[in-house]
Every structure is written in structure tokens, then in C-alpha cells.
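To keep things clear, I will list the structure first and then write my remarks on it.
The values are calculated or read from the model by the stated rules, or taken from the named source; none is laboratory data. Just so you know, these numbers come straight off a predicted model, no measurement behind them. Every residue, glycine among them, receives a Cβ derived from its backbone with ideal geometry; neighbour counts consider all protein chains shown. For the accessible areas, the whole protein counts, side chains as well, though only heavy atoms, and no ligand, DNA or RNA atoms are used. Shrake-Rupley method; radii C 1.70, N 1.55, O 1.52, S 1.80 Å.
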Amino acid sequence: QVQLVESGGGLVQAGGSLRLSCAASGRTIINYAMGWFRRAPGKEREFVGSISWRAGGRTYYADSVKGRFTISRDNAKNTVYLQMNSLKPEDTAVYYCASSGNKYTDLGNTVAYWGQGTQVTVSS
């Protein structure tokens, strides 16, 4: 059974930074695309960004976070990260880690596993 456990959330002032981690167990993340989503209060879950399974880890981001957020992966630690800089109050949400269920495909609609989420609150 694949488990994804997020950590690193918290309360930060606008303009600050946080780094979220997603530790996977039960399966290697090598050859699987990984991603981050978020759900703000009263809103539906939305895509934040993803990182390809390919060597070099091509990344994709929502327009709302492009240039501020960076996804990276450490295959040796079976962990994916989300570095969030220049945080804004509208970034306040529960952030979820996600993993594709298929090897050798970009995340797309292939999410098979979700973490439990970590709360990020950005104060103005």
C-alpha cells in the first residue's frame, strides 16, 4: 500500500516562505510522476504543480504559483518537495501530495494516491 505523508505546513506571514515535504512509503517514486494540489476554504481542490517521472524532472505549475513555487524530488529519499516563496494570503489552503499510479506517464489524470494534507496559512 502506497502512503504519502506531507509535512512542513504552518502559519507564515505574507511574503514569507515554507517548504513542504512528501515522504512516500510502500513503493519507490522512481519512474512515477508526483504532484501537489491544494484546497482553499470553500473552494474545490486545484492543481498546484507536478514533476515528471523523467530524469531531470521537468516541472509544471499552475499560473497562480508560477515563479514563486518550485517542485523537486529526491529519489534516494523517496521524497518530493514544494518550496513556496513570496507567499500570499490567497495561498492559504490544505496542500496535498499526489502520486501517479502509472509508470512512465506525466501526472495528468493518473493520480492514484493522495496524502492526508498539510495546512498552510498565510497571514496578511
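Can you confirm whether LEU20 is in contact (Cβ under 8 Å) with a residue 60 or more places away in the chain, buried (at least 18 other Cβ atoms within 10 Å of the Cβ), under 15 Å from THR121 (Cα atoms) and not basic (Lys, Arg)?
Yes, satisfied.
I'd like the residue in region 33-84 that is more than 14 Å from the chain's Cα centre (by Cα) and not in a loop (DSSP other than H, G, I, E, B) and, out of all such residues, is surrounded by the fewest Cβ atoms within 10 Å (Cβ to Cβ).
ALA76
If you check every pair at least six apart or on different chains, which have Cβ atoms under 7 Å apart with a residue in region 111-124 that is over 21 Å from GLN83 (Cβ atoms) first and a residue that is modelled with pLDDT of 95 or more and open to solvent by 40 Å² or more (accessible area, probe 1.4 Å) second?
Within 7 Å, the pairs are SER124/ALA14; SER124/PRO89.
Determine whether ARG27 is open to solvent by less than 60 Å² (accessible area, probe 1.4 Å), modelled with pLDDT under 95 and basic (Lys, Arg).
For ARG27, the condition - open to solvent by less than 60 Å² (accessible area, probe 1.4 Å), modelled with pLDDT under 95 and basic (Lys, Arg) - is met.
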